[in-house]
Amino acid sequence: CPIETPEGPNIGLITSLSLYARVNDFGFIETPYRKVVKEDGKVRVTDEIVYLTADQEDKYTIAQANAPLNPDGTFKNPYVRARRRGEFPLVPVEEVDFMDVSPGQLVSVSTSLIPFLEHDDANRALMGSNMQRQAVPLLKPEAPLVGTGIEEKVARDSRAVVTAEAPGEVVRVTADEIVVKEDRDPQDLSLLGRSPYRVYKLIKFARSNAGTCINQRPIVRPGDRVERGDVLADGPATDGGELALGANVLVAFMPWEGYNFEDAVVISERLCRDDVFTSVHIEEFELQVRDTKRGEEELTREIPNVGEDAVKNLDERGIVRIGAEVHPGDILVGKVTPKGEVEPTPEERLLRAIFGEKAKDVRDASLRVPPGMDGVVVDTKLFSRKPRDERTRRRDQERIAEIRKEGEERIRRIKEDRDRFLRELLKGRRSGVWKDADGNLIVGEGTELSEEFLEGLDFDSVRPEGSWTQDGKVDGRVEEVLKLSEELIRGVKEEVEAEVEKVQHGDELPPGILQIVKVYVARKRKITVGDKMAGRHGNKGVVAKIVPEEDMPYLPDGTPVDIVLNPLGVPSRMNLGQILETHLGWAAHKLGIRVSTPVFAGATIEDVKEALKEADLPEDGKTVLYDGRTGEPFDRPVTVGYIYMMKLIHMAEDKIHARAIGPYSLVTQQPLGGKAQFGGQRFGEMEVWALEAYGAAYTLQEMLTVKSDDVMGRARTYEALVKGENPPEPGIPEAFKVLVREMQGLGIDVMLGDDQGEWRP
């Protein structure tokens, strides 16, 4: 695909496969074309598909997919625009060898989701393609009013949705599962032992690698009839089985108090209040229990120097309960580590001799909620290899009993189905000699087998001598049923044993680790100032202000707009697709329809005008807007309509960070950088120049010494602040000492001097 590629140094090196393309046996990419044949003096496009690689394609003349054709497949015009060796000549139809299968054939999946792509500049289409991958699944996904018709295919092929595997009727629907009673042919041997009820389990509130929420919601009702391939449940970012990365919002293109200057976005409070751009995020916290030199660490709720209030949400193992609300600093998992044993003093020895062994010294090593994180615990997992505690053992026993019961039920179903098949086959036939396991005769040879007799028979105990019946064909079928059922029963037994083994065995953990606890905390995030939003045309921006609904500009009928974008963001970027989408979206919303406009073969500007006219809207897509604060109309008509906006994963809440005292680098003794290390803000070269330019000498001195790497000065300044004295003179920064040592390492003897004489650092 010529459009979807990264923006940075890898531009053009990492690319995506185009629609319809495939990789052939030799590892080359090939793409399909329709064959053009010449017969009876006519040139006709057939439905025969031929895949060509880039070098093969070079030899042929290929017509465009939108060349006009007659119903019989012949070309309407004597000349068509074609592609030949990188040129685009107008050629007579007789010279054409192949024809493209679709106009969207040269773009990738992501790009083909952009409506009116043909009106966007390629640079912006590139951003639009890449940003769709960064969209956050919303709490209430909404399919676009203006799509390209490929959204359903994308949702289905991404396996985000649950589809029916066989036709049938929906019997039961809950949040966790959907049960479908399948239509089946009673004579079909492949269904042996399979229940007619198929259960589709749904994924609930799982965490994706990006920390967003994967949740499936049923969209069918009990009593609904479903065919194979029908969508039963929506996944994350799908709506009604269609891809839904964002929401349709009413937009106005106009400046608003300068708040949407430079790609900023002004949004209405309604988008927060109605949870239009609200998403659920799940954070994973992990704690390892290790076997240390001083002894084993252990999970517990008995933590030294911690009040009862801090452990009220922990269970007896010290793991937080599901459903607890947690805030920064709260304990998620209680853990204690043994302290190093020190040699006891004589007094201690005496006390120990009198009162016996005192409790081992342990220190608190619990897992706590990091700063800036509030949420609800949605799941906890404990993996352990050591002999488990009583509670876990009990739970394991229950799980094993459940697995065995499920296995028995499956075997019973297989036997029931086997017996039914056998009764059907043997009814009315003449038998061979049948004996039971002890060698007693059940039926003599030539007996006619009645339905009543077969009903009461236990087929597990029958041992025929020679043949089952006097008909070789029936015998073959009986043997087939028995063999298949035996294989199935053996398979079920093996599966059950493997599952039981898995439960009993414990978890595979790295050496030195006894247990691992994982805690999942979920939080709802509404859209806030500083979050990044984008449309599908590379029109990205940051929320600058959230305005009360009543202050937003409103339409003549009183509807306030949801979002105000800056019109200056359109002309220079040449992504006019967003304007056409806005117009068509307005018409579609008014008419109550959804529109699909495929890439390179979609609606024309005339079609958009026609749609606006049909919806009784102004043909230029503009209307007078009124200022929500004064009620006055704005000076000029404004472009309004519905545009599809997405919330991207770059959210202010993840990036906000503050540090008071934190970790320092070992060598330079300077604060670490970055949020992950709880680091400081770098005061770089240019920032130093700024302070120098203002002559802010003391501020600069502080920045370069006590606030950075003057170890002595840091401690002395802290002391002075505590005692309420004036801050002391700064000392020598650690970085200088490192430089001197470096020079000494190179054999340069560095001497420092002052008025009194020389001294070595």
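A short reminder: the numbers here are calculations on the coordinates, not readings from a lab. Here the structure is a predicted model, which means the values were calculated and not measured. In this analysis, Cβ positions are derived from the backbone assuming ideal geometry, glycine residues included, and neighbour counts consider all displayed protein chains.
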- Compute the normalised compactness of the range 393-505: alpha-carbon radius of gyration over 2.2 N^0.38 Å, N being the residue count. 1.35
- What does the helix-only formula give at 222 nm for the chain: each DSSP H stretch with n ≥ 4 adding -39500 (n - 2.57), the total divided by the residues, and the result rounded to the nearest 500 deg cm²/dmol? -7500 deg cm²/dmol
- What's the exposure ranking of 11, 114, 579, going from fewest to most Cβ atoms within 10 Å? 11, 579, 114
- Query: Got a sec? How would 276, 547 order by Cβ neighbour count within 10 Å, fewest to most?
  - Reply: 547, 276
- For residue 507 and residue 487, what is the calculated FRET efficiency with R₀ set at 35 Å and r taken between the beta-carbons, to the nearest 0.05? 0.65
- What net charge is computed for the residues neighbouring residue 280, neighbours being all others with C-beta under 9 Å from the C-beta of residue 280, Lys and Arg scored +1, Asp and Glu -1? +3
- Under 5 Å between amide H atoms, partner at least 5 residues away or on a different chain: which partners does residue 531 have, H built in plane at 1.01 Å? 543, 652
- Query: For the range 22-101, taking Cα atoms only, what is the radius of gyration to one decimal and the Dmax to the nearest whole Å?
  - Reply: 12.8, 39
- Query: Gain in length, residue 696 to residue 455, computed as 0.36 nm per residue apart minus the alpha-carbon separation, to one decimal in nm?
  - Reply: 76.6 nm
- Spherically averaged projected area in nm², based on the convex hull that wraps the Cα atoms of the range 201-266: 7.8
- Item | Percentage of interatomic Cα-Cα distances in the range 657-759 larger than 21 Å | 48
- Compute the separation of the alpha-carbon centres of the range 427-461 and the range 262-286 and state it in Å as a whole number. 72
- Task: List the residues of the range 632-666 whose backbone N lies under 19 Å from a point placed 7 Å from the Cα of residue 711 along the Cα-to-Cβ direction.
- Result: 661-666
- Task: Work out, step by step, the length gained on full extension between residue 140 and residue 205: first 0.36 nm times the residue separation, then minus their alpha carbon distance; give nm to one decimal.
- Result: 22.0 nm
- Simple spin-label estimate for residue 688 and residue 606 in nanometres, 7 Å along Cα-Cβ: 6.8
- Query: Does a label point 7 Å from the Cα of residue 72, set along Cα-to-beta-carbon, have any residues of the range 89-107 with amide nitrogen under 18 Å, and which are they?
  - Reply: 93-94
- Note on the structure: For the range 714-725, in residue order, the Karplus 3J(HN,Hα) values (coefficients 6.51, -1.76, 1.60; θ = phi - 60°; whole Hz; Gly and Pro = x) are 4, 5, 5, 5, 4, 4, 4, 5, 5, 7, x, 8
- Message: Per residue of the range 287-298, what does 6.51 cos²θ - 1.76 cosθ + 1.60 with θ = phi - 60° give for ³J(HN,Hα)? Whole Hz please, x for Gly and Pro, Karplus curve as stated.
- Response: 10, 10, 9, 10, 9, 8, 4, 8, x, 7, 6, 9
- Message: Taking the number of other C-beta atoms within 10 Å as the exposure measure, put 111, 278 in order starting with the fewest.
- Response: 278, 111
- Item | Residue-span extension gain [residue 174 to residue 121] - 0.36 nm each, minus C-alpha spacing | 14.4 nm
- Query: If each of residue 94 and residue 381 carries a label point 7 Å out from its Cα toward its Cβ, how far apart are those two points in nm?
  - Reply: 6.9
- Query: Whose amide H sits under 5 Å from the amide H of residue 80, counting only residues 5 or more places off or on another chain, with H placed in the peptide plane?
  - Reply: 91, 93
- Message: For residue 16, project a label point 7 Å along Cα to C-beta. Then give me every residue of the range 522-543 with its amide nitrogen under 14 Å of that point.
- Response: 536-538
- Violating pairs (Cα-Cα greater than 25 angstrom) within the set 526/613; 293/737; 335/381; 204/524; 204/518: 526/613; 293/737
- All-pairs alpha carbon distance profile, the range 1-148, 10 Å steps from 0, percent: 10, 32, 32, 19, 7, 1, 0
- Under 19 Å Cα-Cα from residue 35, which lysines qualify once same-chain neighbours fewer than 8 residues away are excluded? 59, 76
- Please turn the phi angles of the range 249-258 into ³J(HN,Hα) values with the Karplus equation 6.51 cos²θ - 1.76 cosθ + 1.60 (θ = phi - 60°), one per residue in order, whole Hz, x for glycine and proline. 10, 7, 10, 10, 9, 6, x, 9, 6, x
- Note on the structure: Quick calc: nm separation of the 7 Å Cα→Cβ label points for residue 462 and residue 85 -> 7.8
- Where a ≥ b ≥ c are the square roots of the eigenvalues of the C-alpha gyration tensor, would you call the chain rounded, which needs a/c under 1.5, or, failing that, prolate if a/b is larger than b/c, or oblate? oblate
- So which chymotrypsin sites (Phe, Trp or Tyr not before Pro) in the range 26-58 pass both tests, a DSSP loop state and at most 10 other Cβ atoms within 10 Å of the Cβ? 26
- Task: Hand me the trypsin sites (Lys or Arg not before Pro) from the range 1-64 located in a DSSP loop with no more than 12 other Cβ atoms within 10 Å, in residue order please.
- Result: 59
